[in-house]
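The values are calculated or read from the model by the stated rules, or taken from the named source; none is laboratory data. Note that the structure is predicted; figures quoted are calculated from it, not measured. Ideal geometry is used to build each Cβ from the backbone, glycine not excepted, and the neighbour counts take in all protein chains shown.
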């Protein structure tokens, strides 16, 4: 989704992809292993700035490139906090950012103690590699995370798990921020994110009834994290709004994020264009919303009876104002194969249109 | 500019380009001669639908492909009227479409007679190959088009020039239409197009004070042409609004057109997305405008003292709500290297912002 923004700005984009199939839309794409320094170094030779659409490029690779003078945004100093959830919790704690209760867990005994202290349950997370609900588990006893402890032992590098209290939240919010290397910061309005089975299903922008205190708190948290962690590019801060009206940081992502896809159609400047402006250290575009309400619904899995083409034609015919985005991926259970954004004055109507269009993909 | 729309729709796009330099943003691009049947046939083998961003693919090539079963949109039967201005005038005349007075001119004597009948001047056009003011000349005597007559003689294929009355027009309008193979038609609001030196410089959408009779006439003309000529894809009809309040057809283009670039940011569905939907025979997207006013200003030539990158950064800093589109072309006098679109409630403000941003590229 960065490609359309790059084409419009006349920015030549090159992609180091994991495999051939990802290159359909993109010229000058290299295929290779992003964990291999020589591969990434070769790729970096032909670009002005290196950026990412995931957080998994190893610190060692990033630090070697920076040492060699490659422009890397976000840089490894910032990215480590999006790569390792324990480091993130430690760092945000030192900044006084509100978070769920959490603990570094090395043994089953520590986890059982944490569970006992937190009402008989806890959310356990692997520090690295999780996304979309993977590497996250709600447990009532350490035995339910047994293989994660075994993996820690086998790894033998002094790793640990992260335990968090199971937050009694009213809803989930997300604050999208962008920051330039020169320090400028820009924010989009805080949004509501509706999760299903640990995966983002819908986003409402802006978050209803959040114009006052919640929006201010979310903006302050997002700004503090972007500045203190030295983020360059887009930062998404996933938040809980608790039943007792606190705003707590759930997760961080240092890249354009699913909770910001609505900006492609709903904001003057999309998160993808803003990310490009940020990593190129160009002045930011305006982040006002184009419609009073925008709603984004993910297309998860895709149709099973119909073909994707049939679903597309039906959705287009039924909802001519809906903006349909398809990722060129084969439908597969749970896979994000696209999203739909609608906008307008009446939230109920906007939600209806987005869901009505998405329904054709959920036959 | 078709690429971003294709990527968002998950449509794989392939391009037969004239030369290597055009392929930067696009994968699976072939380079070759679009006038050579074997080249185009080879290219067409891997695509579902063939379409164009100019009108210069020869009729013989197009007709051979259609005979072989290739889906070509717009097809040669329609495209001939965008390729040959004399055929266009003849065909529109048979449909009773309002036009400037015109004549088929084979000799200097015929042109001088036409000039004498039309107040001492005429617009002379070559039937083929003209664009952006090229192949168009205002003359007061046939001698001023002497080399065009010589070229006709040398060509020896019974060609002719087109003479048109010099229309006393108040302003220029453009009506953008899209039509599907299955017959559906959709229209954007008629726009005002401001030309400088024969080249489109600015577009105001919708055309001010044209909501009533002018808009209806423009829509009727656009619909009639699209239907009667069997256009598939986007059709742009350039129009004169005369000082005596007639609407006359000036030129046709059967592809996304400069007068429709505002739709990328200003319409729910851009002309590029709609063109793709049309040639794939998918249902149309809504064509309502996203802002009460949109203004598009072309970046012609580009900066000379500043670099393009410097001008870009200055324009972005000065006008954060302006949408900047750069084509990745080297600045050169008169060359269209990009455009800027602004939108909002107050036309004066919207025009100011677009011109202010564009000014950085005209140092």
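Which strands (runs of 3 or more DSSP E) sit wholly inside the stretch B:172-229 and have at least 2 residues that are assigned by TED's automatic domain parsing to the domain that holds residue B:259, within 24 Å of residue B:85 (Cβ to Cβ) and under 14 Å from the mean Cα position of the chain (by Cα)?
Strands (runs of 3 or more DSSP E) meeting the threshold: B:191-196, B:199-205.
Out of B:70, B:47, I need the residue that is in contact with a strand residue (DSSP E or B) (Cβ under 9 Å, 6 or more places away or on another chain) and not assigned by TED's automatic domain parsing to the domain that holds residue B:217. Which one?
Matching residue, one of B:70, B:47: B:70.
For every residue, the table says whether it meets (1) outside any helix (DSSP H, G or I); (2) assigned by TED's automatic domain parsing to the domain that holds residue A:328; (3) within 26 Å of residue A:261 (Cβ to Cβ); (4) more than 23 Å from the chain's Cα centre (by Cα).
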| position | (1), (2), (3), (4) |
| --- | --- |
| A:8 | no, no, yes, yes |
| A:52 | yes, no, yes, no |
| A:55 | yes, no, yes, no |
| A:61 | no, no, no, no |
| A:78 | no, no, yes, no |
| A:93 | no, no, no, no |
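For the stretch B:173-195, give me the residue count where each residue is under 19 Å from residue B:350 (Cβ atoms) and surrounded by fewer than 18 Cβ atoms within 10 Å (Cβ to Cβ).
Total satisfying the criteria: 1.
Could you figure out which of (1) buried (at least 21 other Cβ atoms within 10 Å of the Cβ); (2) touching a residue at least 60 places away in the same chain (Cβ under 8 Å); (3) within 15 Å of the chain's Cα centre (by Cα); (4) away from chain A (no Cβ under 14 Å) isn't true of residue B:261?
It fails just one condition, (4).
Going by what's in this entry, would residue A:245 be described as in a loop (DSSP other than H, G, I, E, B) and surrounded by fewer than 22 Cβ atoms within 10 Å (Cβ to Cβ)?
Here the answer is yes, as residue A:245 does meet what is asked.
Exactly one of these conditions fails for residue A:35: (1) away from chain B (no Cβ under 14 Å); (2) surrounded by 15 or more Cβ atoms within 10 Å (Cβ to Cβ); (3) in contact with a helix residue (DSSP H, G or I) (Cβ under 7 Å, 6 or more places away or on another chain); (4) assigned to a loop (DSSP other than H, G, I, E, B). Give me its number.
(2)
Surrounded by fewer than 20 Cβ atoms within 10 Å (Cβ to Cβ), touching a helix residue (DSSP H, G or I) at 6+ places or on another chain (Cβ under 8 Å) and not assigned by TED's automatic domain parsing to the domain that holds residue B:56, is that true of residue B:143?
When the stated conditions are applied, residue B:143 passes them.
Within the stretch A:249-258, track down each residue that is surrounded by fewer than 21 Cβ atoms within 10 Å (Cβ to Cβ) and more than 8 Å from the chain's Cα centre (by Cα).
Selection gives A:250, A:251.
Quick check on my filter: what residues within the stretch B:1-19 are touching a strand residue (DSSP E or B) at 6+ places or on another chain (Cβ under 7 Å), at the interface with another protein chain (Cβ under 7 Å from one of its Cβ atoms) and in contact (Cβ under 8 Å) with a residue 12 or more places away in the chain?
B:8, B:9, listed by residue number.
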